[in-house]
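A quick write-up on the structure given underneath.
The values are calculated or read from the model by the stated rules, or taken from the named source; none is laboratory data. Not measured: the values here are computed from a predicted model. So basically every Cβ, Gly included, is an ideal-geometry build from the backbone, and we count neighbours across all protein chains shown.
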Amino acid sequence: MKNWTESKEERRARKAKESAERALDVTVPKNNKKRYVVCLKWGDKYSADYVNVLARMVKRNLTLDYEFVCFTENPKGLDSDIRIEPLTVTTEITGWWHKPMFFNPNIGLNGTILFFDLDVVIFRNIDNLFLHRPGEFLIIRDFNRHVINNYQKFNSSVFRLETGNHSNVYTDFIKQPSSIVRKYHGDQDWIRASITNSYAFWPDEWIQSYKWEMRGKPRMDRGVRGQRDFITPGHPTLLTNTSVAVFHGDPNPHICKDPWVVDNWR
């Protein structure tokens, strides 16, 4: 409402304050829902250091309120400020096949869930991963996109959902996990088969394959799988809007000798 007694300077200050308040409203979760950054640690493929480093990278690069949660069967070595949720140990479900659990409406989290694989490097602000297309399920368009136009498969290294969204991913899986594990190569193939609508891809530039898109697929050494690195250290191509680098396959971040990785994976 216009105040006829205020000066031009006061009116400018009031409008600036109102504009700032409107912008702030965008970042406040509706219906008191929380924001969660979650990860999965199962077995000994990745050490506790990977969880701790991920938590620190998120802390440096996320300005919104959130809670960091690790789902694991072995919390030894995790930093004390990380919330720990237990994984049920079973012979039927191992490794990445725990990911359908995040679609369980009774997971114990109520709000917006942003999942990261452990083998990522977060190096710029990631507020947009919560603010972009609120309420929608978002996931990576698989990195084969760099050689196949309009590639439509999923990569589950980074995805976001509301609690209970696409719950069929979990409820259908848990009915017959052994059968689904035999039929599908990995969790992301099952998630893709289960979600055929009401989803969107992250903008390709935001989350990039470190090996293929940022480093141009350089030659690898002939070491043991899981311990291999690029033959020659190099520097990635950094697009303006990229904030997350994904390390699928070799090398893992703690193995990679690229100076950029050493500087940012910490």
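A few comments on the model shown:
- Restricting region 135-150 to residues that are surrounded by 14 or more Cβ atoms within 10 Å (Cβ to Cβ) and free of Cβ contacts under 8 Å to residues at least 60 places away in the same chain, the residue that is nearest to residue 58 (Cα to Cα): 142
- The criterion of being among the aliphatic types (A, V, I, L, M) and surrounded by fewer than 21 Cβ atoms within 10 Å (Cβ to Cβ) does not hold for residue 161.
- Just one of the listed residues (266, 222) is within 28 Å of residue 61 (Cα to Cα) and in a loop (DSSP other than H, G, I, E, B), and it is 266.
- Some residue of region 183-205 being in contact with a helix residue (DSSP H, G or I) (Cβ under 8 Å, 6 or more places away or on another chain) and closer than 20 Å to residue 58 by Cβ: yes
- Subset of region 204-237 (residues that are surrounded by fewer than 13 Cβ atoms within 10 Å (Cβ to Cβ) and under 21 Å from the mean Cα position of the chain (by Cα)): 205, 237
- The lone exception for residue 208 - which of (1) in contact (Cβ under 8 Å) with a residue 12 or more places away in the chain; (2) in a loop (DSSP other than H, G, I, E, B) it fails: (2)
- Hits in region 14-34 - residues which are at pLDDT below 50 and surrounded by 14 or more Cβ atoms within 10 Å (Cβ to Cβ): 29
- Of 37, 58, 51, 69, all but one fail to be surrounded by 15 or more Cβ atoms within 10 Å (Cβ to Cβ), under 19 Å from residue 157 (Cα atoms) and touching a helix residue (DSSP H, G or I) at 6+ places or on another chain (Cβ under 6 Å); the exception is 37.
- Residue that is modelled with the highest pLDDT [pool: residues in region 86-134 that are on the phi > 0 side of the Ramachandran plot and surrounded by 13 or more Cβ atoms within 10 Å (Cβ to Cβ)]: 111
- Of the residues 232, 237, 242, the single one that is among the polar types (S, T, N, Q) and closer than 14 Å to residue 140 by Cβ is 242.
- Any hit, region 174-186, residues being touching a residue at least 60 places away in the same chain (Cβ under 8 Å) and within 28 Å of residue 53 (Cβ to Cβ): yes
- Any hit, region 168-180, residues being within 27 Å of residue 122 (Cβ to Cβ), touching a Lys or Arg at 6+ places or on another chain (Cβ under 9 Å) and either surrounded by 14 or more Cβ atoms within 10 Å (Cβ to Cβ) or of a type in the set (D, E, K, R) (or both): yes
Conditions tested, residue by residue: (1) part of a loop (DSSP other than H, G, I, E, B); (2) out of contact with any Lys or Arg (no Cβ under 8 Å at 6 or more places or on another chain).
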| position | (1), (2) |
| --- | --- |
| 213 | no, yes |
| 233 | yes, no |
| 238 | yes, yes |
| 242 | yes, no |
| 248 | yes, no |
| 256 | yes, yes |
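- Where strands (runs of 3 or more DSSP E) sit wholly within region 80-199, none has at least 3 residues that are more than 28 Å from residue 266 (Cα to Cα) and within 17 Å of the chain's Cα centre (by Cα).
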